[in-house]
Amino acid sequence: MSPHIALATCEELPDLDPDDQPLVELFHKMGIEATPAIWSDPTINWVDFDHIIIRDTWDYSGRLEEFLTWVKMHQSRIHNSYEIILWNSNKIYLKDLAGAGFPIVETQFVTDPHGDWEPPLLGDFVVKPTVSCGSRDTMRMRTSDPDYRIRAHDLIERITSQRKTAMVQPYLTAVDEIGETALLFIGGDYSHAIRKGPLLVPNVEGEREHGLFVKEDISPREPKPEQRELATAIMGYVSQRFGAPLYARVDLLEDSEGKPVILELELVEPSMFFVTAPESAARFVHQFKR
């Protein structure tokens, strides 16, 4: 019998995000049935599926404990693995990457809004939670704004009141002209890369699509050799620690010296931006070729 695959999504996107929808037909052409399935739907019998691929579960950050319980319950058939999801679902993993010698955006992890953090002396900075999707509860602050401490305190208090940890990071100005560079990996191997334009307007939370994520400015990009080298080294670290993930995205920025630094490592449910690289979706489904 041919395998049956669930493409896990959320209630807001029952038919998947448009970027992932072509996967259904591509699997079909390989003789594999692939079905969008809402991860939180109690009527689904998940044992009917040979594989569960996490794709558009973009509501998980507000239901993390429930989501991790679901992942663990089906860990024998889920991609990425439960061990990867557990580690990567909280951005405190950045401490592990820094400890392993990888350059990350300078980050303060804040559990008390009343004094255990300091903003940069100059320039803008960003406050966000360690558990978040789609830039939720994320804001760019300006130290030139006389009320910036009040704004930052209020957001940190909102985040910590949800029993989450807040992050304070300098806003790297290169993002305004250069943008982020995101490198996509399939089966542990480099696939393609994209440029993501700046998202954050000072003191304003972005408008959301489907209530889930801020609309992004995406275009294909050829990464620099040093970006490719860093992202490949990170994937080596992940693969050695957990085994090669089915999918991964490494989000990089350039620091003040033009060197790449890690903003995020996305291993839970990253957009893969298949539309920017025509053969990438086919490479993805061929990971399941019999």
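The values are calculated or read from the model by the stated rules, or taken from the named source; none is laboratory data. None of the values given here were measured: they were computed from a predicted structure. Positions of Cβ are backbone-derived with ideal geometry, glycine not excepted, and every protein chain shown enters the neighbour counts.
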Inset, instruction - Might you check whether a residue that is outside any strand (DSSP E or B), within 21 Å of Gly258 (Cβ to Cβ) and under 18 Å from the mean Cα position of the chain (by Cα) occurs anywhere in the range 177-188? - result: yes
Inset, instruction - Determine, yes or no, whether Val131 is in contact (Cβ under 8 Å) with a residue 60 or more places away in the chain, within 22 Å of the chain's Cα centre (by Cα) and assigned to a helix (DSSP H, G or I). - result: no
Inset, instruction - Only one of these is crowded, with 19+ Cβ neighbours inside 10 Å and assigned to a helix (DSSP H, G or I): Ala152, Ala193, Ala98. Name it. - result: Ala152
Legend entry - Boolean, Thr160 is hydroxyl-bearing (Ser, Thr, Tyr), at pLDDT 90 or above, surrounded by fewer than 20 Cβ atoms within 10 Å (Cβ to Cβ) and within 19 Å of the chain's Cα centre (by Cα): no
Inset, instruction - Any residue in the range 142-169 that's closer than 16 Å to Phe109 by Cβ: show its pairings with residues that are of a type in the set (A, V, I, L, M) and in a helix (DSSP H, G or I) at Cβ separation under 8 Å, as long as the two are six or more apart or on different chains. - result: Thr165/Ile159; Ala166/Leu155; Ala166/Ile156; Ala166/Ile159; Val168/Ala152; Val168/Ile156
Inset, instruction - Would you mention how many residues in the range 61-95 are within 18 Å of the chain's Cα centre (by Cα), among the basic types (Lys, Arg), at pLDDT 95 or above and outside any loop (DSSP other than H, G, I, E, B)? - result: 1
Inset, instruction - Pairs only if they're at least six apart or on different chains, beta carbon under 7 angstrom, first in the range 88-101 and within 15 Å of Cys133 (Cβ to Cβ), second among the hydroxyl-bearing types (Ser, Thr, Tyr); list them, first residue then second. - result: Asn90/Thr130; Lys91/Thr130
Legend entry - Hey, Asp20 crowded, with 19+ Cβ neighbours inside 10 Å, assigned to a loop (DSSP other than H, G, I, E, B) and modelled with pLDDT of 95 or more or not: yes
Inset, instruction - Return the pairs, sorted by first residue and then second, in which the second residue is assigned to a helix (DSSP H, G or I), the first residue lies in the range 39-63 and is farther than 11 Å from Ala8 by Cα, the beta carbons are less than 6 Å apart, and the residues are 6+ apart or on different chains. - result: Tyr60/Phe67
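Is it true that Asp15 is modelled with pLDDT of 95 or more, buried (at least 16 other Cβ atoms within 10 Å of the Cβ) and part of a loop (DSSP other than H, G, I, E, B)?
Criteria not met by Asp15.
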